[in-house]
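A quick write-up on the structure given underneath.
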Amino acid sequence: MSASKVLPYEDSASAREELIPFLTGAFPGGPDAARWRLRLAHWWDENPFCEPGSPRGWVLRHEGRLAGFLGLIPARYAAQGAPVSALLGTSWYIVEGHRNAALPMAMQYQRQAGAHLLVETTPSPEVRAMLERAGWTGETRARRLLLPCGAVGSALVALRGKAWPSLQPGRRVVTDTAEVLAVARAWQRPDRLEKWVCPDSLRWYAASTMRRHLFAGVVDGAGCLSSFAWLTPHHSGQARLAVLEGFTTEADDTEWRALMGAVARGEAAWPGARAWALTWLAFDTDELAAGAPFLRAGWVDVCHYHKKPPAQAALPKHSVMAEGDFGL
C-alpha cells in the first residue's frame, strides 16, 4: 500500500469507532463524540433513502491511519414524476500536510454525478472554489424576508391587501409528522428537480440531531398532506422562527398562505418556540416566497451548490434552505 491513498468509506461498527474521534478532532467546537455517533446513525441507519449499497463517502489513509474524510448522505429528489437518486456531501476534512489529496478525493466525488444529483450546502471557501472550477452550479444569494407575528403581522398583511386566507373545509393544521399518513404527491412540479417528499422523509428530517426542525402541515381527514413548511428557531437566540422550506401540491399558493397565517397568528405552535417574527431566506425561483406577504429585507450570501446527472441536466433545480447536510 502507498503512503497515502483515497479509499471508499466502508461502514461498520469498527469503522465508526475510528471515524468518530477523527471527526471530533477535525471540527473543534462542533459536535462531541456522543453527538457524532448519533449523527452518523441518523445519516446512515435511520435515513429512509440509505440502502446497504449506498455510497457513504471516502477516507484518506496515510500509513494506515485516517488523514481525511468526505461523507455522503443518500437522498432522493423528484424529476418528471420519478425518483432521482441524490448524494449530499458533508464533513469534508483533510489533515494539514495532506491537502494534495483533496483533488483525487474531489474527482471521486465528481464521478458520482454520472448517476446521482450531488448537493453541497456547507462547503468551505476552498471547496467552493474547487466546485466552481469543476463546473458545479452555485446558488449563492437568497432574499431575506421578514414578517412580524401576532396582531402586528395580521395588521400589516391586511394593510398590504393580502389578508390570510382560510383552509378548505375538512383540512386542518398539524405540527407533528406522526399525523401525516400520506402525501398528496411527492413533488410540487414535475418540470424541475426538487426534493422527494414522503411521510418517512418528513419524520427523518424532524428527528435531526443537529438542529431543531419544526413542522407545520395541512392534512385532510385521512391524514393526507397537501402543504407544509419547515421552520427552525433563529440561530441568534432571538424570538424568531426561520422558514426553511415551503411546499404545496395545490394548484396555487392559497392553502400555503393559510398555513403561514396560522403560524404567524400562533395557532400552529411548538413548546418553547414562540416568536415575534418569521424570517425566510428564499431563492428567487421559489414561487411560494414570491406570493407570500413578507417584507423584503435585503440579500444574504449562501452556499448552495449542485451537480446534475446527465439525465436531468436540462431541468432547472428547485432550491430551499432545508437542503443538503445543513441541519443534519
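Bear in mind these aren't lab numbers, they're just calculated from the coordinates by the rules spelled out. Everything quoted here is computed from the prediction, not taken from an experiment. Glycine also receives a Cβ, built like all others from the backbone with ideal geometry; neighbour counts cover every protein chain displayed.
Side notes on the structure shown:
- Taking every alpha-carbon pair in the stretch 131-170 and binning the separations at 10 Å intervals from zero gives 21, 26, 21, 15, 17, 1 percent.
- Going by neighbour counts of Cβ atoms within 10 Å, the residues SER154, SER201, SER124 line up, fewest first, as SER124, SER154, SER201.
- Karplus (6.51, -1.76, 1.60) ³J(HN,Hα), θ = phi - 60°, over the stretch 12-20, in Hz, Gly and Pro reported as x: 6, 4, 6, 5, 5, 5, 7, 6, 4
- Where the Cα pairs of the stretch 152-277 fall when distances are cut into 5 Å bins, in %: 2, 10, 20, 23, 21, 14, 8, 2, 0
- Residue-wise HN-Hα couplings along the stretch 164-169, as the Karplus relation 6.51 cos²θ - 1.76 cosθ + 1.60 with θ = phi - 60° gives them from phi, are 4, x, 9, 6, 5, x Hz; Gly and Pro carry x.
- Rg to Rh quotient for the chain, alpha carbon positions, Kirkwood Rh: 0.99
- Residue order for HIS213, HIS304, HIS234, fewest other beta carbons within 10 angstrom first, comes to HIS234, HIS213, HIS304.
- Counted charge near THR249, where neighbours are those whose Cβ lies closer than 15 Å (Asp, Glu -1; Lys, Arg +1): -3
- For the chain, calculated [θ]222 nm from helices alone, where every DSSP H run of n ≥ 4 adds -39500 (n - 2.57): -7000 deg cm²/dmol
- Size descriptor, Kirkwood hydrodynamic radius, that averages inverse alpha-carbon separations across the stretch 4-140, Å: 15.7 Å
- Neighbourhood charge, 12 Å Cβ-Cβ cut-off, centred on ALA142 and excluding it, Lys, Arg +1 and Asp, Glu -1: -1
- Cβ-based net charge around SER226, under 14 Å, with every Lys or Arg adding one and every Asp or Glu removing one: -2
- With N as its number of residues, the stretch 256-328 has a Cα radius of gyration that, divided by 2.2 N^0.38 Å, comes to 1.38.
- On a per residue basis, the convex hull of the C-alpha atoms belonging to the stretch 86-240 measures out at 183 Å³.
- Fully extending the segment from SER124 to SER14 would add 36.7 nm, taking 0.36 nm per residue of separation and subtracting the current Cα-Cα distance.
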